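Let me begin by presenting the structure, written as structure tokens, before commenting on it.
Just so it is clear, none of the values below were taken in a lab; they were calculated from the coordinates. Computed from a predicted model, the values in this text were never measured in an experiment. In this analysis, Cβ positions are derived from the backbone assuming ideal geometry, glycine residues included, and neighbour counts consider all displayed protein chains.
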Amino acid sequence: MKGVGGGRFAPSPTGPLHLGSLLAAVASFLDARRQGVAWHVRLDDLDTPRNAAGADQAILVALERHGLHWDGPVVRQSERLPRYHEALDVLARQGLLFYCRCPRRRLRDHATYPGTCRRHTAPRPDSAVRLRVDDARVSLTDLVQGEQHWRLAEAGGDFVVRRRDGLFAYQLATAVDDGDGAVTRVIRGRDLLDTTARQVLVMQRLGLPVPVYGHVPLLVDRAGRKLSKQNHAAPLDLDRPADNLRRVLPALGLDGAPADAGSEALLSWAADRFDLARVPRHDSVS
Ligand code: GLU
């Protein structure tokens, strides 16, 4: 019997999984197993220009092949547009949104949004929608990285919740989905730590429950760059799932995995020992 709530793995279907994304999947899976809660898979497929044909299926097949079996139906953000519209309306009714036409090149020189379009509070075409952060602060205890404090005005400032091309922004969609109640634990890569403040702010403004967060280390190459699709990380070799798992477990503080075990046995060995408090904070070279 699974407890209330759950964890989730939320890949963007921009290409096949690689060792770096496997690490994030395994971390959230082991955490959910350890906590006795459900583990959901959500495809973050809103950024349609970046979606790759067939990547959604390839990701699901790769997860299955590694014994990473999810609970319940796979959620696709592209099927939740009415929910994001509704959330945007709630923010608009609170007077928190404005309509920004600042060209990207003008913003490039600013670490924090300079407030240029803040007076445009009525919808206007061809603009991005931004959320005012005002003097909001967010504090939380990350289960891996420890105490975190942000003052949003200094951490990027007013941010985009709907893009100029009309697509809902990652921050809005992720906050709505992670705040909808089924997700109580967000365990993901450390590169997303700083996006957390914005997502928590959206949840707070919408009155949604905030999950707990844990940001695990990344796999990096010898130059210290995150393994990612942009850096041409190799797709997982689906003929060697147990070897792939054995390569990511040490980055989560799980050394000494049995050499001859298959994927399912490896995952249950790991689930018995996984402890977020003992996950190293630093990245691992793959
Ligand atoms: N879809 C995002 C990505 O693949 C991750 C979202 C998340 O875990 O919040 O980078």
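Residues in the range 254-274, backbone N under 18 Å from the label point at HIS69 (7 Å along the Cα-to-beta-carbon vector): list them, ranges by number please.
Answer for the range 254-274: 262-272.
Once you put a point 7 Å from the Cα of ASP221 and another 7 Å from the Cα of ASP237, both along the Cβ direction, what distance in nm separates them?
1.9 nm
Based on the mean of other beta carbon atoms within 10 Å per residue, what is the order of 157-164, 87-94, most packed first?
Top to bottom by mean Cβ count within 10 Å: 157-164, 87-94.
Could you give the angle, 0 to 90 degrees to the nearest 10, between helix 196-206's Cα long axis and the longest principal axis of the Cα atoms of the chain?
60 degrees
State the cysteines of the chain left without a partner when partners are defined as other cysteines whose beta carbon lies under 4.7 Å away.
CYS102
Going highest first, how would you order 65-76, 103-114 by mean Cβ packing within 10 Å? Show your work: numbers first, answer last.
On the way: 65-76: 16.6, 103-114: 11.1.
The peptides rank, most packed first, as 65-76, 103-114.
Kirkwood hydrodynamic radius, the range 30-114, all distinct C-alpha pairs: what's the number in Å?
So the Kirkwood estimate lands at 16.8 Å.
Any idea how far apart ARG163 and HIS110 come out in nm if each label point goes 7 Å out from Cα toward Cβ?
2.1 nm
Expected output is a single nm value to one decimal: the length gained when fully extending between SER268 and ASP89, i.e. 0.36 nm times separation in residues minus the C-alpha distance. What is it?
On the way: separation 179, 0.36 × 179 = 64.44 nm, distance 4.41 nm.
Extra length from SER268 to ASP89 when fully extended: 60.0 nm.
Using unit Cβ charges (K, R positive; D, E negative) and no other charged atoms, how large, in debye to the nearest 20, is the dipole of the chain about its Cα centre?
Magnitude of the dipole: close to 1100 debye.
Would you kindly give the portion of the calculated P(r) for the range 83-180 that falls above 21 Å, as a percent of all Cα pairs?
Everything past 21 Å amounts to 36 percent.
What is the packing order of peptides 210-217, 173-180, 43-50, 189-196, taking the mean over residues of other C-beta atoms within 10 Å and listing the highest first?
Taking the mean over residues of other Cβ atoms within 10 Å, the ranking is 173-180, 210-217, 189-196, 43-50.
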